[in-house]
Amino acid sequence: PGGPEGPGEGSGQGAAAFVAPLEPTLPTVRGQFDDFERPVLQGLLPVGVDDPKSNRGPYDAVFGWRWLVGGGPVGTWVGGTPTGASGGRGHVPIGDGAGAGDSSGAHFVQSGYNPPDHYRVWGPETQTLRAVSDFAAAHLRHTQFASYVRIQAYAKLANVWPQALQQLHRWSASTQLIEPQWILDLNQARSIAAAGSPTIRQTLFVKVEIKSRYPEGDGRFLSPGSWAYIFPDDPARLVRLNGWTDPTRWVSPPTVTQVGNFVVRDHWQYTVLQDGTIGIEPQWDNQGQPVRQTVYRIDDFFFIGVNVGDPVQIRNPYNFQSRGDLPAPTDLDHSLVKPQPASERRYLTFLAAVRRPDTAELWPAKFTGGKPDSAMLAIAQAQVFNNHSFDLWTQMWGEQLEPVTDYAGWLQTLVQGQQANLPPTLAPQTVQEVSQYLTAASPVASVALTH
């Protein structure tokens, strides 16, 4: 708020700069630890601060962590899908019916779009777990890395805010983190299941599913261009089932057969009008009607093993004796500091005054006479603002210069500031002289500030 005094007539006539009010005040209040709950878990401000108009806070305003809700395409359903897929879902419960389509053969024709009518936000908990899931999907999709991180995160958060997580349906007390211990032999797994010890936590399968325009056993089966994986980007997909599942219980000849010690194969079919991925082109009968053609599904399910590991104890980081000992956020005192002109004027508007000597460097006695002051004085008004969310949670505060308003009010502020505890670099005489100068200039202030 001050600058070094320079040479001049009197100690107050040197270069100086300061901001009024000389002792700015910004009323704040210290909250409590539980004020972190809504920002962390939901991306919302604490209940006493949250406001849909002025306090959007803090993550949707800064990072855009929100998704639109409501609205959507407008149109009608009409007959005929692009492929005309119809019928069939397979006979094994962990199989995927992708590609079989809807037996109705209907498809949606869009005629318009209704815009969303509201949005929801999320916070750092969701954002962090999304980043973990995205990383796992890209690099560790065959592992339980993302699941393990999620279980640990929810367990630790449940120690801090158990009711909040239960209300958000994000935590189940039965969810456990299991240290993997795999038994890969099917007969041994059956023996463990019969004995009931150790406990089988999971049964793991790999499924490989293909579609073909020729049935298995046909001489053209698996010829180039006649078949494709159901999921080309991930042909071998892992399936984990809780507890024990014996794959031989799925065997039901002739559709579901056991083709190896650990492999069950499901044969089923559906019809399509066309499917270019396996070489099925559209055909029409003599009456010009499209002809349905059969697609043959061959899905293999490989038994990998059972997990008989023990649960891992997740340590509780919430080991404080009292909530009063925990960190707590500090925010504006919203009963005093409000997004209103009077409040902003009082706490977030400042007047900067800058003075510098303009004594002539050559023959000052000749060229300085007749001026009311031996220095030049400039003033400017600045406004501190946050047009995203009016709180200290949302670090989007900025400042801008604006025309000087309430000139008389600033003079009063300067007079009161002369009693303030000034910094050592600012002489009280400087503030007094600037105040006197601005007071003397009051009659011409309206013209001088707008010329």
Using a 10 Å Cβ count of at most 16 others and DSSP loop calls, identify the longest part of the chain lacking such GluC sites (Glu not before Pro). 10-215
On a full-extension model of 0.36 nm per residue, what is the gain between residue 66 and residue 242, subtracting their alpha-carbon distance, rounded to one decimal in nm? 60.0 nm
Two pseudo-spin positions, 7 Å from Cα along C-beta at residue 184 and at residue 356, lie apart in nanometres by 8.0
Using r as the Cβ-Cβ distance of residue 277 and residue 76, and R0 as 25 Å, what FRET efficiency do you calculate, to the nearest 0.05? 0.30
Which of the chymotrypsin sites (Phe, Trp or Tyr not before Pro) across the stretch 184-231 are loop residues per DSSP, with 16 or fewer other Cβ within 10 Å? 221
Tabulate in residue order the Karplus-calculated ³J(HN,Hα) for the stretch 196-207, using 6.51 cos²θ - 1.76 cosθ + 1.60 with θ = phi - 60°, rounded to whole Hz; enter x for Gly and Pro. x, 8, x, 6, 7, 7, 8, 10, 10, 10, 10, 10
Could you check the simple spin-label distance between residue 47 and residue 139, using points 7 Å along Cα→Cβ, in nm with one decimal? 4.2
Residue 449 to residue 336: extension gain in nm, 0.36 nm per residue of separation minus the Cα-Cα distance? 37.6 nm
Projected area averaged over all directions for the convex hull of the alpha carbon atoms of the chain, nm², comes out at 39.4
Over the stretch 409-451, give the accessible area per residue in Å² for a 1.4 Å probe, as an integer. 61
Cα centroid separation, the stretch 404-451 to the stretch 190-204 (Å): 85
Using 1/(1 + (r/R0)^6) with R0 = 22 angstrom and r between the beta carbons of residue 284 and residue 252, what's the FRET efficiency to the nearest 0.05? 0.05
Result for the stretch 220-291: accessible area per residue, probe 1.4 angstrom, in square angstrom, of 60
Carbon and sulfur %, accessible surface of the chain computed with the full protein complex present, 1.4 Å: 54
Using helices alone, I'd like the mean residue ellipticity at 222 nm for the chain: each DSSP H run of four-plus residues gives -39500 (n - 2.57), total over residue count, nearest 500. -6500 deg cm²/dmol
If contacts are Cα pairs under 8 angstrom and at least 6 residues apart, what is the relative contact order of the chain in percent? 24
Please work out how much length the chain gains when fully extended from residue 405 to residue 159, using 0.36 nm per residue of separation minus the C-alpha to C-alpha distance, in nm with one decimal. 83.2 nm
If contacts are Cα pairs under 8 angstrom and at least 6 residues apart, what is the relative contact order of the stretch 188-287 in percent? 26
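The values are calculated or read from the model by the stated rules, or taken from the named source; none is laboratory data. Predicted model, so just to flag it, every value in this text is computed and none were measured. When we count neighbours, we look across all protein chains shown, and the Cβ atoms used for this are built from the backbone with ideal geometry, even at glycine. Calculation scope for accessible area: heavy atoms of the full protein, side chains included, ligands and nucleic acids excluded. Shrake-Rupley method; radii C 1.70, N 1.55, O 1.52, S 1.80 Å.
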